[in-house]
Every structure is written in C-alpha cells, then in structure tokens.
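Worksheet: one structure, shown below.
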Amino acid sequence: MRAMRDLLRRLPEAAVFLLSSFLAVPAICQTADLEHIRDQYQGKPLVLRSFYSGDSLRYDSSGSPLGESTTGDWTTDGFVRLNDISISDRHLTATGVRLIVISHENVFQFFARHSLGRHQRPPNLRIEVELSPDGTLAQSADIALSKVFLTTRDSFRDLVPDYWRYCVRDALSDSDEDCHFAKDFMPIPGFAIGERQGLWEGVPKNPPFRLGMPGFSAPQLISLDRACLTDAARKAEYRGVVDFQVVIDGEGHPSNVRIISPIGFGLDARAAHALENSRWKPAEIDGKPITMVLTTEIDCIK
C-alpha cells in the first residue's frame with residue numbers, strides 16, 4: 001500500500017486519475033453483477049432443489065451440496081426467501097428464511113401469511129456457494145444458483161414424491177377439485193398450470209361390491225404409527241387430519257399411497273410414511289382375500 005502511494009505521488013495528475021479509474025473498474029463491475037443477482041433472487045419465494053433441510057447449506061460451483069445433506073418435505077424445506085446476498089472472492093453467501101407451507105381449506109399457502117403464523121418466527125437459513133472462476137461474477141452466480149433453485153425451465157410437479165404427485169398436479173391443473181395453490185405461488189420459477197391427473201389413474205379398480213353385501217368384509221387396520229406431529233408444528237400449535245387413498249393387497253400390504261386432502265407443515269409426509277408401513281387385514285369376498293382401494297385418514301394431533 002505504501003508503494004502504491006509513493007507511485008501516485010510521482011505520477012502526473014492526469015495519470016493518477018486514469019490509474020484510479022482503472023483500479024475502480026473491477027469494483028464497479030462487481031457491484032453491477034451483485035445488483036443483477038439480487039434483482040433476480042432476493043426478496044421473493046424460491047424453490048430449493050431436492051428440498052434439503054437444515055439451517056446452513058453449502059454448495060460447490062456445480063450446485064452439488066458439500067458435506068452431509070438431508071432431504072426433507074417440500075412443505076417445510078422446499079421454499080425459501082433470500083433477504084441478503086453478498087459475493088466475495090468468487091464466494092456467494094445468502095441469508096434468509098424458510099417459508100413453511102400449510103394447506104388451509106385445501107389451499108396451499110405460506111404459514112407466515114396465515115393467522116396462526118403471523119407471530120411465528122420463520123426458520124433462518126444460510127446458503128454458501130462457491131462460484132466458478134470462469135466468466136463474469138454474474139454469469140458464474142447465475143449458473144450456480146440455477147442449480148441450487150428451480151428455474152422457469154423446471155417443473156415442480158415432477159419433483160415431489162409419488163404420494164404427493166396426485167395432489168400437487170391437481171393443485172397445478174386449476175381444476176377446482178381437492179388441492180389448490182394460492183395465486184402468489186404461480187410466479188415462482190418452476191410453477192405452471194398443466195393438465196389434470198385423475199385420482200384413479202394407475203390404480204387397480206375395486207371388484208364390484210357394496211358395504212353390507214353378503215360375504216364381503218372391508219380391510220381392517222392392524223397396526224399404524226400415528227405419531228406424525230412434529231416438534232415445530234406442535235410449537236406453532238398447528239394440527240390437522242390428512243386424507244389418503246391407498247391400495248391394500250390380498251396380503252394386507254399398502255401401496256399406491258396418495259394424499260387427497262393435505263394439511264402441510266411436513267405432517268402429510270410423516271403420515272404418508274406411516275401409512276406405507278402400516279399393516280392390514282385384507283378385504284375378503286366369501287372368505288377369499290382381495291385387493292381393494294380405499295380412502296382413510298390419519299390425524300396429526302398428538
């Protein structure tokens with residue numbers, strides 16, 4: 001630094017001005033690059049790829065997570081809002097919050113905008129991304145962040161687990177049936193209206209029967225872990241009942257679990273896993289076990 005000051009003292013005034021302007025160019029470019037990134041990613045809901053959980057996430061320049069990473073449910077770990085973005089030495093740091101999603105009256109919405117969530121503090125999140133040394137900062141940051149978050153070229157509906165797929169696709173079909181997304185989800189990259197998927201597509205049909213029919217007995221539940229209420233939901237005093245469709249085969253094993261009426265806050269996923277691991281006495285006709293499709297519910301209240 002002292003050598004630089006000595007050099008500036010010996011240079012003519014015009015040369016000093018030109019040298020100072022030259023040295024300021026990288027800082028100006030970096031500021032412009034950062035403003036471009038902030039305009040695109042800061043202060044708006046984004047979908048985190050793979051729904052990684054935790055309060056601190058680190059990625060390399062290819063968008064791959066560094067260290068151990070755990071995948072969560074999209075209603076608790078899928079949406080984030082970045083409140084601040086900074087770049088230093090090809091290293092991007094973003095801080096923000098996770099946006100919890102609930103389903104109230106079959107409409108997916110952000111918990112913070114619901115009366116129960118207005119005084120709840122959303123979970124904090126810190127994201128660090130190593131930027132590629134190639135290209136401008138804006139180019140490197142754009143490429144890296146497009147691998148961390150969904151873009152307009154992605155489809156959210158194709159990323160959720162099978163038990164969510166019917167409900168999410170129904171919500172994104174604008175079909176006015178079982179599941180819906182609030183209007184403020186539609187501008188989020190990765191969201192788009194598409195064709196509706198029927199509830200019974202890909203599911204075996206029930207044989208002709210009716211309740212009370214001679215010789216017919218419906219499936220009977222043997223075991224089910226109903227402990228689906230999470231600590232976070234309990235702290236927020238959020239509870240509810242999840243409705244499912246499920247296939248029970250002739251040996252009492254469940255399959256094709258589909259959420260029909262969700263509640264969000266990560267509870268539907270826990271209930272779905274519990275239902276997938278449940279055991280049943282199968283339905284019977286004249287004493288012979290049969291495969292049957294039924295609707296059932298799990299209460300997440302304890």
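Here Asn256 qualifies as of a type outside the set (Ser, Thr, Tyr), out of contact with any helix residue (DSSP H, G or I) (no Cβ under 6 Å at 6 or more places or on another chain), in a strand (DSSP E or B) and over 19 Å from Phe108 (Cα atoms).
Residues of the stretch 105-145 that are of a type outside the set (Val, Ile, Thr), surrounded by fewer than 16 Cβ atoms within 10 Å (Cβ to Cβ) and assigned to a strand (DSSP E or B): Asn124, Arg126, Glu128. Scanning the stretch 163-174 for any residue that is surrounded by fewer than 18 Cβ atoms within 10 Å (Cβ to Cβ) and either of a type in the set (A, V, I, L, M) or within 21 Å of Leu275 (Cα to Cα) (or both) turns up at least one such residue.
Looking at Ser155, Ser140, Ser132, just one residue is among the polar types (S, T, N, Q), farther than 22 Å from Val203 by Cα and under 13 Å from the mean Cα position of the chain (by Cα), and that residue is Ser155. Test Glu105 against the stated conditions and say whether it is closer than 24 Å to Ile260 by Cα, in the same structural domain as Thr75 (by TED's automatic domain parsing) and of a type in the set (Asp, Glu). Yes; evaluated as a whole, the condition is true for this residue.
Yes/no per residue for (1) of a type outside the set (A, V, I, L, M, F, W, C); (2) assigned by TED's automatic domain parsing to the domain that holds His104; (3) surrounded by 18 or more Cβ atoms within 10 Å (Cβ to Cβ); (4) at pLDDT below 90:
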position: Phe209; (1), (2), (3), (4): no, no, no, yes
position: Ser223; (1), (2), (3), (4): yes, no, no, no
position: Ala227; (1), (2), (3), (4): no, no, no, yes
position: Asp231; (1), (2), (3), (4): yes, no, no, no
position: Ser255; (1), (2), (3), (4): yes, no, no, no
position: Gly264; (1), (2), (3), (4): yes, no, yes, no
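In the stretch 275-302, of all residues being free of Cβ contacts under 8 Å to residues at least 60 places away in the same chain and surrounded by fewer than 19 Cβ atoms within 10 Å (Cβ to Cβ), the one that is farthest from the chain's Cα centre (by Cα) corresponds to Lys288. Checked against (1) under 25 Å from Gly266 (Cα atoms); (2) out of contact with any Lys or Arg (no Cβ under 8 Å at 6 or more places or on another chain); (3) free of Cβ contacts under 8 Å to residues at least 60 places away in the same chain, Asp170 passes all but condition (2). The set of residues in the stretch 231-243 that are without any contact (Cβ under 8 Å) to a residue 60 or more places away in the chain and outside any helix (DSSP H, G or I) comprises Val242, Asp243.
The values are calculated or read from the model by the stated rules, or taken from the named source; none is laboratory data. Treat the numbers as computed from the prediction; the structure is a model and nothing was measured. Every residue, glycine as well, gets a Cβ built from its backbone with ideal geometry; the counts of neighbours run over all protein chains shown.
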